[in-house]
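*Asks:* Here's a structure for you.
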Number of protein chains: 4
Amino acid sequence: MDYQKILEEIHQEVLPLVDKGKVADYIPELANVDRNKFGIYLLTLDDNAYAVGDVLEKFSIQSISKVFMLALTISHLGEKVYDRVDVEPSGDPFNSLVQLEHESGIPRNPFINSGALVITDMMISSFADPRAEFLEYVRDLVGQADVFCNKKVAASEKEHGFKNAAMVNLMKSFGNIENDVDEVLDLYFEFCSIEMTCSELARAFRVFANHGRGVIDTKKYITESQFKRITAIMQTCGFYDEAGEFAFRVGLPGKSGVGGGIAAILPDKYSIVTWSPGLNKKGNSLAGMKALELFTTKTGTSIF
Amino acid sequence: MDYQKILEEIHQEVLPLVDKGKVADYIPELANVDRNKFGIYLLTLDDNAYAVGDVLEKFSIQSISKVFMLALTISHLGEKVYDRVDVEPSGDPFNSLVQLEHESGIPRNPFINSGALVITDMMISSFADPRAEFLEYVRDLVGQADVFCNKKVAASEKEHGFKNAAMVNLMKSFGNIENDVDEVLDLYFEFCSIEMTCSELARAFRVFANHGRGVIDTKKYITESQFKRITAIMQTCGFYDEAGEFAFRVGLPGKSGVGGGIAAILPDKYSIVTWSPGLNKKGNSLAGMKALELFTTKTGTSIF
Amino acid sequence: MDYQKILEEIHQEVLPLVDKGKVADYIPELANVDRNKFGIYLLTLDDNAYAVGDVLEKFSIQSISKVFMLALTISHLGEKVYDRVDVEPSGDPFNSLVQLEHESGIPRNPFINSGALVITDMMISSFADPRAEFLEYVRDLVGQADVFCNKKVAASEKEHGFKNAAMVNLMKSFGNIENDVDEVLDLYFEFCSIEMTCSELARAFRVFANHGRGVIDTKKYITESQFKRITAIMQTCGFYDEAGEFAFRVGLPGKSGVGGGIAAILPDKYSIVTWSPGLNKKGNSLAGMKALELFTTKTGTSIF
Amino acid sequence: MDYQKILEEIHQEVLPLVDKGKVADYIPELANVDRNKFGIYLLTLDDNAYAVGDVLEKFSIQSISKVFMLALTISHLGEKVYDRVDVEPSGDPFNSLVQLEHESGIPRNPFINSGALVITDMMISSFADPRAEFLEYVRDLVGQADVFCNKKVAASEKEHGFKNAAMVNLMKSFGNIENDVDEVLDLYFEFCSIEMTCSELARAFRVFANHGRGVIDTKKYITESQFKRITAIMQTCGFYDEAGEFAFRVGLPGKSGVGGGIAAILPDKYSIVTWSPGLNKKGNSLAGMKALELFTTKTGTSIF
């Protein structure tokens, strides 16, 4: 199949959507991103790459980071992670407190904010230097060293992150946060502020498409069972309150972020990453989602 | 792969679980089912069948019926079905009214009770004789004529179905039910009371595994897009509040019922049906779920 | 104090408000009421009456009827009534199902719809002819025989009463309704459809102001303890989600209805009834509430 | 009436209840209070005092402090206080986040924790030294200078106050908190940690019974309208989720605290304070509530 031609067709078809979405504006650092940016990067397990658009430009990966956080933590702590965070879709806006209160401080899954905050808390309890270990882990997945957090973004998130602070306090009141509230928040916001290119994200997610084994370094990052678990959570919980719509339209496990990125995988075949800062009403990249839908339709590839 | 041998191994392995679950007891007709019943039926697209246990005994398919209801309705009405019922996981027990009230009478998806009640209402509005057309549709999918509703079960469901009555009244108060409340409930309970064997269910679901085309009659029951939609909903919403757990442990789209049945598919490969009346805490068959987990693990087949 | 003069002043002051509210329009029988109607009727325990406006015209008392339903039922069944309905304010719109589901089918108090539906169910279980006994009870309280239900209003309420049907079904699913759902609904809607004049309502409520003893017939309708209980519930739950505002602005126990009536009492002193069909956003009569506020302010009488 | 004899009778009657309640144990400072303590202090507007038990011992007044916070703030800012906090009963446990999220960060009333946190925030914004002004205000109401906060209690509350921290963060996310979250929490916990005797509380609340005018210093602390508002809020919201029960059994406006104190008033007549650390399931003093019920029954005094 001529993947490059397909990506170029898709680029033309989604161009009219690129400025239709709404760029996240709760912090100035995200609000100021040029919403005309657009890129798709496809990376296959047999090591071919195809790309269109702004694929070498860094952007804030935001919630996509939650996949790396979970993978690193589960590779250290194993299944006991799921004693403190469930694995079911939330059926509520991604940062709702109602369900958290109703379910005694146990978040529905690790890909909503509350769940990722609990994962962050586990990392502080378990790792000597969680900040350094996380960065090193992501750099290993990518296969290069120049991946960094954006301290300005993290600081700005903290300054506006009162709903996240509410959640971590609420969970602490239920005994599901072990460490200092501010320490958890600071680290969480740093993890979210990491910046990567489409190309880098595709390399990192290709490891998941390869069942957790690095394609270049052949390192086993997660076990087969952990791969299955993470893929299942991406499939059912990776797109805020639009997991069902994404499963239908795209049909790939993945994760989106409010920075406009979406990373998805077809196990055993490829990873694919799109970036377009304009979001739809549910908080997922408008043009990115359309591009992925066109891709799986045109190539006839999806998990179903 | 020696599927028959694998099924027999699984049978031995899950036997200790068969009497550990709790048989549904909200109506006497379900409460009186022998909880030692157990069967697995595997049917491939290249038309081989493998079976162990009580696969030729009829049981109440209950919520599995919702897949047939959706397929029939969407094949007539198309995408406009989704104006009145959403396609996202619910994140709440399957019959909660809270979310329904919060979302103005629009159910989260067609596989929770409220959603299937709306589908039933659409069928009444659109079909001359929805009861007959539904039975005929299911019989066509199965490929034989002796599939029936159990009137006694339906009557008993009606007698105890006050929560369903509450939901349909609530939705009617929001304008999302067009027909008479009792007419909707009566028909819905009949649809749920349909009785099938593992073998029959496997034949019906094989049509979905074959992208909506009958393997024997080669009839196109639903379009490719409708197949994708139904499969995505089975994947994200098919197992009450355990969709994430099922996606991880089993990794197949499917649907369960409180009668103890589970029907699942691997698109392009096979359909598989288990029956074991003992349920786990979330309302899914305890031994059936374990059997399916063992099957996808032993065969290395799953959508991921 | 020159009560007549005060009422006339109030009449002038609230006239500009009379056409500002919104007449209840969920059934045509209420929607068609002339919203320029206005009346105040004051009746003292030393048997003086003062009135302005349309005080001899019948109107639909709607939820005010709930006070009579509770009084009659509690006088027969005593405190055990409160095993099936609580006595606390609801803090939610008057017909919400959320709290009802959360609290296992026990309504918050007898003056919200769900609570009055449970009271109706008790009446069916306890009385030979609840319909007749209720009418006779209200007629006794008023001291005359021409008080009737409006069958057309009751039928219209039933036809649009799906939210009430949802509630009674939900409560039945929790075991808190003993009788047939439709029988409960029919009777409830009849009770709500009763029509009275300001004058008649004032006579009935004067019995409550007199601690449950008829001023003319000297009959003891409820015990001192039952008087205290009903008055407390009127005080904390009588005005939908505006009990606090009413307590501040008016400072009298009472009950309002969507027909635009408000009946209130100052124990040991008087009963007072207003009628003005235009409602505020919370469902209470706009001009009626203002009139009562002016009355307690001008006369310096309130429970505080 | 021989009030002293009545108080002594009550003392005997409630003694068996004194050790039946459960002392608040979420912080050690409250958990360690002797639960056999008991006192009643009655203070009339014609300046007679009657007392039994431990009425001169300081205890942590906790939520009773919210009345003083509201009175001081409303006397400075007037009605605009109610733009940021509603005046209706909550119908939910006193510290629930659900309603707060549902109502966009506007607390239901100033006597639940979230409401008092907003009041604290207003005090920080409006007063040069809110801590000093508050203490001075309470000392003025009492008429003596030795009223203090207990810094150890305040620190302990802060250490365990994650649910309060969650609420203030949530409200800040909605824009309903102007100041630094920690500053608000620190001050709030200090306000709650104030210690007074039954005698002192009775003197302070007598000012409210006297419509806001000091009986000794004749100073006007709040306007007549503010008196009416505060009294109405005490009546409908003063007893967590037991306002209706208290209105029925006792029939006085008032406020309780988890330290076991209850302060209540009969406007124009008296203030009365009880202290008994054992709480009932709803968080109100078990023996204190019974003592007040006996008092209003024996004396025939209540607002109804």
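*Asks:* Enumerate the residues in region B:200-231 having an amide nitrogen under 16 Å from the point lying 7 Å beyond the Cα of B:Asp146 toward its Cβ.
*Replies:* B:200-201
*Asks:* Just the Cα atoms of the protein assembly as shown: what Rg and Dmax do they give in Å?
*Replies:* Using the Cα atoms of the protein assembly as shown, the pair Rg, Dmax is 33.4, 100 Å.
*Asks:* Continuing with the same structure: Between D:Ala264, D:Ala155, D:Ala71, find the one with the highest GNM mean-square fluctuation for chain D; connect C-alpha pairs within less than 10 Å.
*Replies:* D:Ala155
*Asks:* Okay, next question. Taking chain D as the reference, fit the longest principal axis to its C-alpha atoms, fit the long axis of helix D:65-77 to the helix C-alpha atoms, and give the angle between the two in degrees, 0 to 90, nearest 10.
*Replies:* Helix D:65-77 and the main axis of chain D meet at about 60 degrees.
*Asks:* Additional query: Ignore the peptide's own chain and count Cβ atoms of other chains within 10 Å of each Cβ in C:155-166; give me the average, rounded.
*Replies:* Mean partner-chain Cβ count within 10 Å for C:155-166: 4.
*Asks:* If you plug each phi of region D:210-221 into the Karplus form 6.51 cos²θ - 1.76 cosθ + 1.60 with θ = phi - 60°, what whole-Hz ³J(HN,Hα) values come out, in order, with x for Gly and Pro?
*Replies:* Taking θ as phi minus 60°, the curve returns 8, 6, x, 9, x, 6, 8, 7, 6, 6, 8, 7 Hz for region D:210-221.
*Asks:* What is the local net charge at D:Lys151, summed over the other residues whose Cβ is closer than 12 Å to its Cβ (Lys, Arg +1; Asp, Glu -1)?
*Replies:* Charge balance near D:Lys151 sits at -2.
*Asks:* Can you give me the Cα centroid spacing of region D:241-304 and region B:1-60 in angstrom?
*Replies:* 62 Å
*Asks:* In units of 2.2 N^0.38 Å, what is the alpha-carbon radius of gyration of region B:63-192?
*Replies:* Details: Rg = 13.9 Å, N = 130, 2.2 N^0.38 = 14.0 Å.
Rounded to two decimals, the normalised Rg is 0.99.
*Asks:* Shifting gears a bit: Compute the label zone of B:Asp2 within region B:23-47: residues whose backbone N is under 15 Å from the point 7 Å along Cα-to-Cβ.
*Replies:* none
*Asks:* Averaged over D:83-89, how many beta carbons belonging to a partner chain fall within 10 Å of each residue's beta carbon?
*Replies:* Taking the mean over all residues of the peptide, I get 5.
*Asks:* Give me the net charge for the shell around C:Glu8: Cβ to Cβ below 14 angstrom, other residues only, Lys and Arg +1, Asp and Glu -1.
*Replies:* -1
*Asks:* Let me ask something else. What are the GluC sites (Glu not before Pro) within region A:223-268 that DSSP puts in a loop, where the Cβ has at most 10 other Cβ atoms within 10 Å?
*Replies:* none
*Asks:* Here's a follow-up. What list of ³J(HN,Hα) values in whole Hz, one per residue of region D:47-64 in order, does the Karplus curve 6.51 cos²θ - 1.76 cosθ + 1.60 (θ = phi - 60°) give from phi, with Gly and Pro shown as x?
*Replies:* 6, 10, 10, 9, 8, 9, x, 7, 7, 10, 9, 6, 9, 7, 7, 6, 5, 4
*Asks:* Follow-up. Per residue of A:247-256, how many C-beta atoms from partner chains lie within 10 Å of its own C-beta, taken as a mean?
*Replies:* Shielding by partners across A:247-256 averages 4.
*Asks:* Sticking with the crude label model, points 7 Å out along Cα→Cβ, report the distance from D:His102 to D:Glu159 in nm, one decimal please.
*Replies:* The modelled label-to-label distance comes out at 3.6 nm.
*Asks:* Heavy-atom accessible area of A:Ser125 with all protein chains present, probe 1.4 Å, nearest 10 Å²?
*Replies:* Accessible area, nearest 10 Å²: 60 Å².
*Asks:* Okay, moving on. Can you tell me the 0 to 90 degree angle between the C-alpha axis of helix B:113-126 and the longest principal axis of chain B, rounded to 10?
*Replies:* 70 degrees
*Asks:* Looking at chain B as a GNM with Cα springs under 10 Å, which of B:Lys163, B:Lys22, B:Lys66 has the largest mean-square fluctuation?
*Replies:* Result: B:Lys163 has the largest fluctuation of those listed.
*Asks:* Heads up, I need the accessible area for D:Asp19: 1.4 angstrom probe, whole protein in place, Å², nearest 10.
*Replies:* 70 Å²
*Asks:* How long are the three semi-axes of the equivalent ellipsoid of region A:126-262, in whole Å, if each is the root of 5 times an eigenvalue of the C-alpha gyration tensor, listed from largest down? All intermediate terms of the calculation are to be shown ahead of the outcome.
*Replies:* Working: eigenvalues 133, 80, 53 Å².
So the equivalent ellipsoid measures 26, 20, 16 Å along its semi-axes.
*Asks:* Round to the nearest 10 and give me the degree value, 0 to 90, for the angle of helix D:130-142's Cα axis relative to the longest principal axis of chain D.
*Replies:* 20 degrees
*Asks:* If you add up the charges near D:Asp19, with Lys and Arg at +1 and Asp and Glu at -1, over every other residue whose beta carbon is less than 12 angstrom from its beta carbon, what do you get?
*Replies:* Net charge around D:Asp19: +3.
*Asks:* Under a 1.4 angstrom probe, counting protein chains only, how are C:Lys20, D:Lys298 ranked by accessible area, largest first?
*Replies:* Result of the area sort, largest leading: C:Lys20, D:Lys298.
The values are calculated or read from the model by the stated rules, or taken from the named source; none is laboratory data. Just so it is clear, the model here is predicted, and its values are computed rather than measured. Neighbour counts run over all protein chains shown; Cβ positions are idealised from the backbone, glycine included. The protein model used for the area step is the full one, side chains on, heavy atoms only, and it has no ligands, DNA or RNA in it. Shrake-Rupley method; radii C 1.70, N 1.55, O 1.52, S 1.80 Å.
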